[in-house]
Amino acid sequence: MSGSVCFRNHSTKSKRSRTVAVSKQAVRHLQEYLDSLPVRPGPSEPLFPSQTHPRNPMSDTNAIMTLKRMFADAGVEHASSHSLRRTHANTLRRNGVDLKVIQEQLGHSSLAVTERYFSVDPIEAQRAVEHLRF
């Protein structure tokens, strides 16, 4: 398994296919997930199938409910699937990743949309103040 994931046009909000890079750690977790399955899905089968219709992918609603349950189990409050995207974007930015790369990762056609994901990062604000010399 390589370090990228292909999202086909039917599974993206923009209806455009794209390939995004994933970390080695994410690849390991995906490999562990695949190894845990009784039968490995074929190339045209969904990675996360519907429980009621295994030939179809898990629905958006079911994926969101699964994430909410995982957040609750972990004791994380006020989180959503979208907050994961925001955290991903802000973590990349904090680590100096080029904004165009972040835009591509999120699948935005406009850099202006990507910029709306960024919040004032308290860690970066503190770093900025530390650079001041009096």
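Only one of Pro38, Pro46 is out of contact with any Lys or Arg (no Cβ under 6 Å at 6 or more places or on another chain), assigned to a loop (DSSP other than H, G, I, E, B) and within 20 Å of Gly3 (Cα to Cα); which? So the residue among Pro38, Pro46 that is out of contact with any Lys or Arg (no Cβ under 6 Å at 6 or more places or on another chain), assigned to a loop (DSSP other than H, G, I, E, B) and within 20 Å of Gly3 (Cα to Cα) is Pro46. For the range 31-75, a residue qualifies if it is more than 26 Å from Arg85 (Cβ to Cβ) and surrounded by 11 or more Cβ atoms within 10 Å (Cβ to Cβ), and the qualifying residues are His53, Pro54.
One residue stands out among those in the range 76-102 that are over 15 Å from the mean Cα position of the chain (by Cα) and assigned to a helix (DSSP H, G or I): the one that is surrounded by the fewest Cβ atoms within 10 Å (Cβ to Cβ), which is Lys100. Residue pairs whose Cβ atoms lie under 7 Å apart, sitting 6 or more positions apart in sequence or on different chains, and linking a residue in the range 74-99 that is assigned by TED's automatic domain parsing to the domain that holds Leu111 to a partner that is loosely packed, with under 13 Cβ neighbours inside 10 Å and part of a loop (DSSP other than H, G, I, E, B), are Asn90/Ser119. Within the range 52-67, the set of residues being touching a residue at least 12 places away in the same chain (Cβ under 8 Å) and farther than 18 Å from Ala26 by Cα comprises Pro57, Met58, Asn62, Ile64. Restricting the search to the range 104-134, which residues are within 30 Å of Arg18 (Cα to Cα) and exposed (fewer than 10 other Cβ atoms within 10 Å of the Cβ)? Ser110, Ala112, Val120, listed by residue number.
The values are calculated or read from the model by the stated rules, or taken from the named source; none is laboratory data. Source: prediction; values computed, not measured. For neighbour counting, all protein chains shown are included, and Cβ atoms are generated from backbone atoms with ideal geometry for every residue, glycine included.
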